[in-house]
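These notes concern the structure reproduced below.
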Amino acid sequence: MSKERILIIEDEADILSMVSLRLKSRGYEVCGAESGLVGLKLISEWEPDLVLLDLMLPELGGLELLRRVRSDKRYAKMPILIVSALGEESDVVVGLELGADDYLSKPFNMSILVARVNALLRRARVDVDEFESDPNDNKTSKSIVIGSLRVETENYKAFIDDKQIILTGTEYRLLLALVTANGRVLTRNQLIDSAIGNDAIVIDRTIDVHLASLRNKLGKMREIVETVRGVGYRARQI
Ligand code: CA
């Protein structure tokens, strides 16, 4: 397999070289861009497998770059990890809603960055496999397991230690959205989109109420639903 390519769009030279060295040492092919415009150009010419994106950038800001990249269907599934400075939480929320896959705040721990990159690339490979596999294959009910929690993905059922927990439709859809996000943070709006179904009208902060109720029903597994301050929620990987 050829090396996977990572594009780092970052205008702070120290961070760029530090991250670049670390990712190269992990076997990735790495390219850096110190402005948004150069980054955009490299996305189309170099075709990276993943992009690390700073938000405050010269020439073209990270959010505008994200908007342009995600509106091009060739790059709809390319993993994008935002690396944001302190105090940019509201931009991070916008970024996640524009289709970024995950984010890290500076200063970040290098091993965590590598772990997130690995996880995003692994997930991207799985998505491709599923897309290419025979749709007639494997139609048995699938489930996602985190610790003693098991969520069946097609039939609205969830279990703790093989004992079913009774969830409303909204709670089930929220739980499913969180566990399928695989540790990625989901903003309130993204959760609202996931939660809207025939039996639910969900507005803004009422999402918090549904999540509180979901946590209660999860009992000893309640810690799975983690609040990410100022941004949203994620399923803790345990
Ligand atoms: Ca910057």
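Please report, ordered by residue number, every helix of the chain (full DSSP H runs) that is 30 Å or longer along its axis going by C-alpha atoms and whose mean Kyte-Doolittle hydropathy reaches -0.5.
Values: long enough: 110-132 (33 Å, 0.28).
Those that pass (Cα extent of 30 Å or more, hydropathy at least -0.5) are 110-132.
Under 20 Å Cα-Cα from LYS220, which lysines qualify once same-chain neighbours fewer than 8 residues away are excluded? Qualifying lysines at Cα under 20 Å: LYS157, LYS163. What you get for the range 5-130, charging only the Cβ of Lys and Arg (+1) and of Asp and Glu (-1), is a dipole of about 460 debye around the Cα centre. Amide H to amide H distances under 5 Å link ILE82 with LEU53, ASP101, ASP102, TYR103, LEU104, where only residues 5 or more positions off or on other chains count and H is placed in the peptide plane.
Using a 1.4 angstrom probe on heavy atoms only, work out the carbon and sulfur share of the accessible area of the chain in %. Spell out each step's value before the answer.
Numbers: 6450 of 12580 Å².
Here carbon and sulfur together make up 51 percent of the probe-accessible area.
The residues of the chain present an accessible area of 53 Å² per residue when probed at 1.4 Å with all protein chains retained. Straight Cα distances below 28 angstrom link LYS41 to the lysines LYS3, LYS24, LYS73, LYS77, LYS106, with same-chain residues fewer than 8 positions distant left out. Using equal-weight Cα scatterers in the Debye expression, the normalised intensity of the chain in log10 at q = 0.11, 0.16 Å⁻¹ is -0.63, -1.18.
Placing unit charges on each Cβ (+1 for Lys and Arg, -1 for Asp and Glu) gives the chain a dipole about its Cα centre, and among GLY232, THR168, LEU96 the Cα reaching farthest toward its positive end belongs to THR168.
The values are calculated or read from the model by the stated rules, or taken from the named source; none is laboratory data. Nothing here was measured: the structure is a model prediction, and the numbers come from that model. With ideal geometry, Cβ positions are generated from the backbone for all residues, glycine too; neighbour counts draw on all protein chains shown. The accessibility values were calculated without ligands, DNA or RNA, using every heavy atom of the protein model including side chains. Shrake-Rupley method; radii C 1.70, N 1.55, O 1.52, S 1.80 Å.
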